[in-house]
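Encoded as structure tokens, the structure appears first; notes follow it.
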Amino acid sequence: MAEITTQQKLETIVKALDSKRAEDIQAIKIGDLTIIADYFVIADGTSNIHTKALAEEVEFKMTQLGIEPSRTEGYQGQTWIVLDYGDIVVHVFYKETRDHYNLERLWSDGTNVDISEYLVKE
């Protein structure tokens, strides 16, 4: 099996979020700024249940590629779920929680990645 590229992982994650109607999906390239990860993917759900469903869909699609997160956090509270895939860290927020933490502002030195090609047009 060929090694799965970061770009393929990014596409899989974004498509999984989009398929479950995540809102305001953003991908930020942060690799030049930190050793935490190369990318953050941030999205939000409209309820705690939706937020959990989004995170579960990402995990399911990544598992199909044979990739498991090195760690997950937040499934208990379901307002901010983090899936750590090493090179990509996925943050799935309940909308109000996302507004409060505003990771996009914290990581504003990062580069926004154009993910429009991965999103289904309405």
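Listed peptides 22-30, 68-76 appear in the order 22-30, 68-76 once ranked by packing, highest mean of other Cβ atoms within 10 Å at the front.
Legend: Rg and Dmax of the chain, from Cα coordinates, 13.2, 42 Å.
Only helical DSSP H runs with n ≥ 4 go in: add -39500 (n - 2.57) per run for the chain, normalise by residue count and round the 222 nm mean residue ellipticity to 500 deg cm²/dmol.
It lands at -10500 deg cm²/dmol.
Annotated for the chain: lysine pairs at least 8 residues apart or interchain, Cα distance under 18 Å, count 13.
Coordinate-derived values only; no laboratory data. Only a predicted model underlies this, so the values are computations on that prediction, with no experimental measurement involved. Don't worry about glycine lacking a Cβ; one is built from the backbone with ideal geometry, like all the others, and counts go over all protein chains shown.
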